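See structure below.
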Amino acid sequence: MDERTPWQWLRRPLPLLRRLAVESSGRFRTARTWQVTTGSAAVGLAVAAVAVTAAGPWDSSGQRTAERHLAASREAGGGADHAGGAPGERAPGAAPSAPAVLAGLHAPARGGPGGKALADVLDPVLKDRALGPERAAVVVDVATGKRLYGKRADDALTPASTTKIATAVAALSAAGPDHRLTTSTVLQPDSREVVLVGGGDPTLTAREEGRYVEGYASLRELADDTARALRKRGKDPKDPKDRKDPVRLSYDDTRYTGPSRHPIGPNENITPVSALMADEGRLDDSTSGPAPRTEDPAGDAARKFADLLRARGVDVRADIGPAKASPRAARLARTSSPALSVLVERMLTHSDNDIAEALARETARASGEPLSFAGGSRAIRDRLEKLDLPLAGAEFADGSGLDREDRLTAELLAALLARAADRDHPELRSAVTGLPVAGFTGTLVNRYPQGSPGTGLVRAKTGTLTGVNTLAGTVVTADGRLLAFAFMTTGTTDPSGAQAALDAMASAAAACGCSA
């Protein structure tokens, strides 16, 4: 199939001035939520996107392997607004702002978007033969919550990585956007045993420099503080007496329960789930996308930490093994992750499976469930039920969407996004701000052809397994309305064609002058 075909019917005059003259209703209930769209709109109006050129085999996480490697290598950091952290906190760079577009969004609107206008532009693409036999689509006006378009909206289909939207909303609701994951060291009572205690932070880094080092929990800084604390306690590596009795290092990864291996088995898209790991257990210098993974994330992190302690003059015994930190253990040092909202944004931008499973377990912890696959699944459902979201037919088998037993409806995905954009739920905002920007960031960096109406105006989470293609996100229309959408299909045999058709649907909404 010619990948240009889905776009041909969309090509009509869309002058730049029309894009700038976007309007918004004065009664728009979610006026503040325009802040989550302005960065992507500015990018889309400033430069053109790169055409889809990636090729190669499809991996189980939902993207062609070559595409994800290219995205990881060239994508600019962020794509989300990381402002508003704690005073003095080092945080990833923010996306560009768009004052001109923001001003336009506050102009009087001609009226609310009409469903018939949307149907006129979406129906032709939904009939594309590249889409599988099971297709579902929903579009919601975020301002009013009104469904503008729906096809098989209540069918529960395999969502793939769009499951992460549900995980994000549940975790933010349960633990709060300011929650942090802490890795610590303690000294066992009446001993010289130091225990490295995992706090469930997969973004803990042992790296000295590079992306996702500044602002993240550092194993190096933890080693600095631990060595300093040991010296203050009289266990000075320069003291001859202390040198005769070296420190023993153990590690505690007991925060999580249940199986550590994801049901898909060994895979370059996810490390065995552990409460203690460094750099997501990656065995190369990557920070996103598929990579070789360690089979012993906790042990590897502890061995790296031992080397860091030795480099700081601490004599550490060679026998490093698991242990349970005593309730009476004395704290030596600690290091904390960025706020949960930042972790959510990173997870969504890069479709990060390790962060997703960690957030599912944090949801379980806040909900009184076991910190396991099963406990996380129950907790996610419970939190979404408390938010009064439509859960009929939904099944949560994991937090990442790698499990084919997951089932979500298009109605639920759109409702999750609309709720996250609602000004009454600011705690959920990063579930929208973290969505990849079409043509520019994360898993959408290589999608959306040059000149596509959706470039920079669509923010969406991708999801792809063999035979499964999904896209769910938000889009600013030509009339300046914020819409939430979810497009799902299963049984596809032409993954590139299906992906192009879903992108075409989102672009159709962006180009639509859909005011009633």
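The values are calculated or read from the model by the stated rules, or taken from the named source; none is laboratory data. The structure displayed is predicted, hence computed values, not measured ones. Every residue, glycine among them, receives a Cβ derived from its backbone with ideal geometry; neighbour counts consider all protein chains shown. Remember, those area values only see protein heavy atoms, side chains included, never the ligands or the DNA or RNA. Shrake-Rupley method; radii C 1.70, N 1.55, O 1.52, S 1.80 Å.
Within the range 189-221, the set of residues being more than 22 Å from the chain's Cα centre (by Cα) and assigned to a loop (DSSP other than H, G, I, E, B) comprises Pro189, Asp190, Ser191, Arg192, Glu208, Glu209. Of all the criteria given as (1) open to solvent by less than 40 Å² (accessible area, probe 1.4 Å); (2) among the charged types (D, E, K, R); (3) assigned to a strand (DSSP E or B), the one not satisfied by Lys164 is (3).
Anything in the range 252-304 that is in contact with a Phe, Trp or Tyr (Cβ under 8 Å, 6 or more places away or on another chain), farther than 20 Å from Gly210 by Cβ and outside any loop (DSSP other than H, G, I, E, B)? List them, or say none. Scanning the range 252-304 gives Ala298, Gly299, Ala302. Residue pairs whose Cβ atoms lie under 6 Å apart, separated by 6 or more positions or on different chains, with the first residue in the range 307-333 and closer than 19 Å to Asp190 by Cα and the second open to solvent by less than 40 Å² (accessible area, probe 1.4 Å) and assigned to a loop (DSSP other than H, G, I, E, B), are Val314/Pro237; Asp315/Pro237; Asp315/Pro246; Arg317/Pro246; Ser326/Gln188; Ser326/Pro189; Arg328/Pro189; Ala329/Gln188.
Looking at the structure I just gave you, is Val314 open to solvent by less than 70 Å² (accessible area, probe 1.4 Å), assigned to a loop (DSSP other than H, G, I, E, B), under 19 Å from Ala223 (Cα atoms) and in contact with a helix residue (DSSP H, G or I) (Cβ under 8 Å, 6 or more places away or on another chain)? Judged against the criteria, Val314 is a match.
Determine whether the range 356-369 contains at least one residue that is in contact with a Leu (Cβ under 7 Å, 6 or more places away or on another chain), in a helix (DSSP H, G or I) and basic (Lys, Arg). So far as the range 356-369 goes, yes, one or more of its residues are in contact with a Leu (Cβ under 7 Å, 6 or more places away or on another chain), in a helix (DSSP H, G or I) and basic (Lys, Arg). For Leu444, the criteria (1) under 18 Å from the mean Cα position of the chain (by Cα); (2) touching a residue at least 24 places away in the same chain (Cβ under 8 Å) hold in every case but one, which is (2). Checked across the range 319-328, the condition of being at pLDDT 95 or above, on the phi < 0 side of the Ramachandran plot, in contact with a strand residue (DSSP E or B) (Cβ under 9 Å, 6 or more places away or on another chain) and assigned to a helix (DSSP H, G or I) holds for no residue.
Evaluation of Pro292 against the conditions (1) of a type outside the set (Ser, Thr, Tyr); (2) open to solvent by 10 Å² or more (accessible area, probe 1.4 Å); (3) within 17 Å of Arg255 (Cα to Cα); (4) free of Cβ contacts under 8 Å to residues at least 60 places away in the same chain shows that the sole unmet condition is (3). Just to be sure, is Ala364 farther than 18 Å from Thr183 by Cα and either touching a strand residue (DSSP E or B) at 6+ places or on another chain (Cβ under 7 Å) or buried (at least 24 other Cβ atoms within 10 Å of the Cβ) (or both)? Taking the combined requirement at face value, the residue satisfies it. Considering the range 456-492, the residues that are of a type in the set (S, T, N, Q) and open to solvent by 10 Å² or more (accessible area, probe 1.4 Å) include one that is farthest from the chain's Cα centre (by Cα), namely Thr492. All of (1) in contact with a Phe, Trp or Tyr (Cβ under 9 Å, 6 or more places away or on another chain); (2) crowded, with 24+ Cβ neighbours inside 10 Å hold for Pro495 with one exception: (2).
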